[in-house]
Structure formats: structure tokens, C-alpha cells
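Q: Here it is, the structure in full.
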Amino acid sequence: MPLNSPTNDSLQKFLTGTLYIVATPIGNLKDITFRALEIFEKVDLIAAEDTRHTKKLLSHFNIQSRLIAYHEHNEEQSTKGILEKLKSGFSVALVSSAGTPTVSDPGYRLINTAVKENIPVVPIPGVSAAITALSASGLPSDRFIFIGFLPSKSAKRREQLEALADVDSTLIFYESPRRIVAVMDEMIQIMGDRYAVFSREMTKTYEEFLRGNLSGLSAELKNRPAIKGEITLLVSGDKIEKPFCFDDVRPMVEKELKKGKTGVLKLARELSKAYGVSKNMLYEKIVELKSSMSQESDGEKGESDDGQT
């Protein structure tokens with residue numbers, strides 16, 4: 001009995017089919033798992049985001065299975081039909097065009113409803129573009145946030161980037177070749193010139209990884225006649241582990257503090273965006289510097305007073 005089957009309804013598993021969530025390759029067909037192929041062979045239906053794409057995958061492995069379409073444009077209607085099939089005992093495999101279903105792909109509605117209907121839902125793990133890129137990025141992987149695609153409209157996109165600006169974790173985005181440069185430039189304006197990893201066409205012939213600050217990556221892409229392929233962009237979090245010497249900016253910070261026009265928090269935020277380092281770390285350094293300057297000023301004043309007596 002599957003672990004996620006309801007324990008209070010022993011008859012349920014005999015009356016319904018099983019919904020399998022099957023991950024498929026993001027490029028290289030050799031990344032398919034043996035278990036995924038076994039599931040494709042045995043299920044009654046395969047619900048595919050793109051039936052033409054999935055048919056090519058199945059044909060490559062000489063698998064003959066019945067395909068039905070399940071995509072964002074027919075998700076509501078198809079969910080009803082698939083649930084009826086599952087309730088009548090049919091087993092169904094859900095697949096997206098590439099990678100793991102429901103990760104920036106349709107499927108949530110179907111899975112959520114199946115769980116509520118006490119229909120067994122079984123994951124068949126495999127490739128995910130987000131995890132594949134993270135594993136080779138060199139960025140901290142102990143804490144990360146998967147964002148997926150940002151909003152298409154600039155105003156909404158900038159609003160979401162502002163909400164992510166202070167997040168410490170590695171950020172993972174999916175983006176289209178058409179918008180990637182504009183998105184990077186907005187990130188620089190809002191989040192600072194952070195270290196990032198641009199990955200394109202992973203597991204395919206023209207797989208590419210570019211590493212560096214967002215400004216450098218943006219400049220590189222702007223010089224290309226065209227940008228093609230599936231893109232995953234990873235951006236370092238607010239607390240960035242990278243070489244930075246506060247002494248390099250100390251004279252400038254002292255000058256700003258002496259002017260008294262810019263608050264410590266605002267100054268830390270501006271430096272964080274300019275140098276791509278932790279705002280919290282800068283805040284602590286500036287507070288220490290301000291305290292030290294105040295003590296030095298008090299000491300000089302004391303010496304001056306002693307000289308007048």
C-alpha cells in the first residue's frame with residue numbers, strides 16, 4: 001500500500017487507479033530513469049503538456065501508450081476527465097514537456113484534487129532544470145528559493161525583485177531568451193550587481209554556463225547576435241560570500257558620515273547594491289565606524305578642553 005494512501009479506507013486503493021508524477025529529461029534522453037520507462041509501459045494513460053514532444057520521447061524508447069493533452073489552456077476541463085478515469089481504476093502518468101511536472105508547469109490542480117479525492121499520488125523522481133543548474137553553479141545550495149518565471153510586465157517584475165532583495169538564500173529563476181538581458185539589468189538596479197550563474201541548454205549539445213557579476217553577464221549577452229535555448233539563472237543571496245574589504249570604502253563612508261545627510265541604514269543599502277555584499281554586514285561595519293569616529297571626536301574635544309584649563 002503506497003505511503004500516501006488513506007489508512008482509513010482500505011478499499012479505496014482497489015477502487016481507484018494511481019496518479020504517477022513522472023519527471024522526464026530536459027534535453028539528453030539518456031537522463032530518463034528505468035523506473036519512468038516502466039511506469040510509461042504499464043499505465044493506461046499519459047497526460048502530457050505537449051503530446052507531440054512526449055510522443056517523440058516514447059517513440060525513442062519504443063513505448064506505445066495512449067496520450068492525452070494536459071496543459072495550461074485545458075487544465076480545468078482535463079482535470080475533471082482524468083479524475084473520472086482515475087476513479088474508474090485507470091492509472092495515469094502526468095508529464096510535462098521536460099523536467100519535473102508542476103515545477104513552473106501545469107499539474108497542481110490535478111494533484112491537489114486527486115489528494116482530496118483520496119487517489120494515490122506517486123512521484124517518479126528525475127531531472128529538474130532548477131536543481132541541475134544549482135548542483136553545478138558553485139553557489140550555496142543549503143538554502144535556496146525557486147522563483148520560476150518572473151512576471152512579464154516590468155512593473156510587476158520589479159515589485160517582485162524588490163521583495164526578494166533582502167533574501168539571504170540563492171535565488172533560482174527561469175527566463176526566456178527574449179527577456180533575459182532586461183531582467184538582469186533590472187536586477188542590478190534593484191538588488192545590486194550580484195554574483196550570478198547563467199545556464200543555458202543544460203544536458204544538450206550546446207550546454208553553457210556563464211559565471212560572474214550580473215553586469216558582466218549582461219554585457220556578454222548584449223554582444224551576441226542572438227540568445228537561444230532554455231535558461232536558468234541563479235543569483236546569489238543578500239549575504240554573499242565573496243572577497244570584500246571594508247577598508248576600501250572606509251574613506252568614502254567616513255566622508256558621508258561626517259556630512260550627516262545619509263543615515264546608516266540607507267548608506268548600507270546603497271553600498272550593498274553597489275558592491276553586491278550583505279547589507280546587514282555593511283550596516284554593522286558602518287555602526288562600528290560611526291561609534292569609533294564619535295569616540296575619536298570626544299577624545300579630541302577632551303584634549304582641547306584640557307589645553308584651555
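The values are calculated or read from the model by the stated rules, or taken from the named source; none is laboratory data. Everything numeric here is computed off the predicted structure, so don't read it as measured data. Every residue, glycine as well, gets a Cβ built from its backbone with ideal geometry; the counts of neighbours run over all protein chains shown.
Q: Quick one: in the range 81-107, which of the residues that are assigned to a helix (DSSP H, G or I) and in contact with a helix residue (DSSP H, G or I) (Cβ under 9 Å, 6 or more places away or on another chain) is farthest from ALA23 (Cα to Cα)?
A: By that ranking, first place goes to LYS87.
Q: Evaluate the following for THR7: is it among the hydroxyl-bearing types (Ser, Thr, Tyr) and at pLDDT below 65?
A: yes
Q: Quickly run through the range 31-45 and pick out the residues that are touching a residue at least 40 places away in the same chain (Cβ under 8 Å) and within 31 Å of the chain's Cα centre (by Cα).
A: ASP31, ILE32, THR33, ARG35, ALA36, ILE39, PHE40, LEU45
Q: Considering only the range 101-126, state which residues are in contact with a Ser or Thr (Cβ under 8 Å, 6 or more places away or on another chain), within 30 Å of GLU207 (Cα to Cα) and modelled with pLDDT of 95 or more.
A: ILE124, PRO125, GLY126
Q: Here's another thing I want to ask about it. Within the range 118-173, how many residues are among the aromatic types (Phe, Trp, Tyr), in contact with a Gly (Cβ under 9 Å, 6 or more places away or on another chain) and farther than 30 Å from LEU265 by Cβ?
A: 0
Q: Which of the residues spanning the range 219-240 are in contact with a helix residue (DSSP H, G or I) (Cβ under 8 Å, 6 or more places away or on another chain) and either surrounded by 22 or more Cβ atoms within 10 Å (Cβ to Cβ) or aromatic (Phe, Trp, Tyr) (or both)?
A: Answer for the range 219-240, where residues must be in contact with a helix residue (DSSP H, G or I) (Cβ under 8 Å, 6 or more places away or on another chain) and either surrounded by 22 or more Cβ atoms within 10 Å (Cβ to Cβ) or aromatic (Phe, Trp, Tyr) (or both): ILE231, THR232, LEU233, LEU234, VAL235.
Q: Let me ask something else. Collect the residues in the range 261-306 that are at pLDDT below 80, assigned to a helix (DSSP H, G or I) and either crowded, with 17+ Cβ neighbours inside 10 Å or within 28 Å of the chain's Cα centre (by Cα) (or both), keeping them in residue-number order.
A: Of everything in the range 261-306, those that are at pLDDT below 80, assigned to a helix (DSSP H, G or I) and either crowded, with 17+ Cβ neighbours inside 10 Å or within 28 Å of the chain's Cα centre (by Cα) (or both) turn out to be LYS273, ALA274, TYR275.
Q: Another question about this same structure. Kindly indicate whether any position in the range 197-213 is in a helix (DSSP H, G or I) and not basic (Lys, Arg).
A: There is no residue in the range 197-213 that is in a helix (DSSP H, G or I) and not basic (Lys, Arg).
Q: Scan the range 137-188 residue by residue and report those that are under 19 Å from GLY212 (Cα atoms), among the hydrophobic types (A, V, I, L, M, F, W, C) and in a helix (DSSP H, G or I).
A: Within the range 137-188, ILE180, VAL181, ALA182, VAL183, MET184, MET187, ILE188 meet the criteria.
Q: Can you tell me how many residues in the range 52-80 are part of a loop (DSSP other than H, G, I, E, B) and of a type in the set (Val, Ile, Thr)?
A: The qualifying residues number 1.
Q: Looking for whichever is surrounded by 19 or more Cβ atoms within 10 Å (Cβ to Cβ) and at pLDDT 95 or above here; the options are LEU37, LEU29, LEU45. Which one fits?
A: None of the other options fit; the residue is LEU45.
Q: Taking the range 124-145 as the search range and keeping residues that are touching a strand residue (DSSP E or B) at 6+ places or on another chain (Cβ under 8 Å) and surrounded by fewer than 16 Cβ atoms within 10 Å (Cβ to Cβ), which one is nearest to PHE34 (Cα to Cα)?
A: Here the residue is ALA136.
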